[in-house]
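Participant: Take a look at the following structure, please.
Here, each number is a calculation from the coordinates, and none is a lab measurement. A quick note: this is a predicted structure, and the numbers were derived from the prediction, not measured. Reconstructed Cβ throughout: ideal geometry from the backbone, glycine too, with neighbour counts over all protein chains shown.
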Amino acid sequence: MVLGGWKGGPKVDGRRGCEAQRRQAQAFAAGLEPVVGDLRRRGLSLRQMAAELMAQGIQTPRGGQWSACAVRNVLLRLEAC
């Protein structure tokens, strides 16, 4: 017996969802650019930037806590523009 597989419904193009997530992440990073740019000019480390974003009450896109890795990802996304 074969389990799973296509059951005759519409086929979903996963690339469209990935592109939508990319656009949302880019828009979020662009909105943070003034704040993160100021933190960078002040010479803060990634951990210090994460702590400052939390202190300012700025949430991650999913409402979680900031980490150094999340700040790095935002900075990388801004540099790619």
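Participant: Farthest toward the dipole's positive end in the chain, which of Leu3, Ala25, Gln65, given Cβ charges of +1 (Lys, Arg) and -1 (Asp, Glu) about the Cα centre?
Facilitator: Leu3
Participant: While we're looking at this one, here's another question. Arranged by the count of other C-beta atoms within 10 angstrom, fewest first, what order do Met1, Met49, Met54 take?
Facilitator: Going from sparsest to densest Cβ surroundings: Met1, Met54, Met49.
Participant: Let me ask another. Tell me the mean residue ellipticity at 222 nm calculated for the chain from its helices only (DSSP H runs of n ≥ 4, each -39500 (n - 2.57), averaged over every residue, nearest 500). If you can, show how the numbers build up before the last one.
Facilitator: Values: 3 runs with 51 residues, N = 81.
The helix-only estimate for the chain comes to -21000 deg cm²/dmol at 222 nm.
Participant: While we're on this one: Would you please put 70-78, 25-33 in order of how densely packed they are, using the mean number of other Cβ atoms within 10 angstrom per residue and starting with the highest? Walk me through the intermediate numbers first.
Facilitator: Numbers: 70-78: 17.2, 25-33: 14.3.
In descending order of packing, they fall as 70-78, 25-33.
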